[in-house]
């Protein structure tokens, strides 16, 4: 999962950067549609990446609960996975909220909101998500330690 997540995270950050550059190149209506469509794609892909990570922990928790119920595994392992899942949810929610807020700010430019606010939000979102991806990657590593301890692998 770590390799897949790393690929998703790097792809997402590159897409965010591409969208930001396309936004910087918008001049009036020139390039607006390209930036708009990239923005929609970026928002959807960012949410997808965060949801994939969270769902990974949902499935892993079910696996641990099944091992506790069926095979007598120590229940503390299921509790440790629950902690990982809770952290994944909080991190993912922040990442998704940041990209949704940035998208909404971009959508309101036509109604008078300053493009500078959208610009600041966009770069803040890129940094927030890069920061979150680092912690999510570390969370995957923490889970791997729990899994190996639980199943002696």
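The values are calculated or read from the model by the stated rules, or taken from the named source; none is laboratory data. Since this is a predicted model, take the numbers as computed values, not measurements. Please note: Cβ atoms are built from the backbone with ideal geometry, for glycine as well, and neighbour counts cover all protein chains shown.
For this structure, a couple of remarks:
- Of the residues 113, 100, 94, the single one that is more than 22 Å from residue 3 (Cα to Cα) and not in a helix (DSSP H, G or I) is 113.
- Checking each residue in the range 121-145 for being free of Cβ contacts under 8 Å to residues at least 60 places away in the same chain and closer than 21 Å to residue 22 by Cα picks out 121, 124, 127, 128.
- Test: residue in the range 125-141 that is surrounded by 14 or more Cβ atoms within 10 Å (Cβ to Cβ) and more than 23 Å from residue 1 (Cα to Cα): yes
- The set of residues in the range 79-120 being within 13 Å of residue 43 (Cα to Cα), over 16 Å from the mean Cα position of the chain (by Cα) and without any contact (Cβ under 8 Å) to a residue 24 or more places away in the chain consists of 104, 105, 107.
- The number of residues in the range 60-93 being crowded, with 16+ Cβ neighbours inside 10 Å and within 20 Å of residue 128 (Cβ to Cβ) comes to 4.
- Some residue of the range 7-27 being closer than 26 Å to residue 115 by Cβ and in a loop (DSSP other than H, G, I, E, B): yes
- Residues that are closer than 21 Å to residue 140 by Cβ, touching a helix residue (DSSP H, G or I) at 6+ places or on another chain (Cβ under 6 Å) and part of a helix (DSSP H, G or I), drawn from the range 60-81: 60, 61, 64, 65, 77, 78, 80, 81
- Scanning the range 1-34 for residues that are buried (at least 16 other Cβ atoms within 10 Å of the Cβ) and at pLDDT 95 or above returns 5, 8, 9, 12, 13, 15, 16, 19, 20, 22, 23.
- Just one of (1) surrounded by fewer than 19 Cβ atoms within 10 Å (Cβ to Cβ); (2) in contact with a helix residue (DSSP H, G or I) (Cβ under 8 Å, 6 or more places away or on another chain); (3) at pLDDT below 95 fails for residue 152. It is (2).
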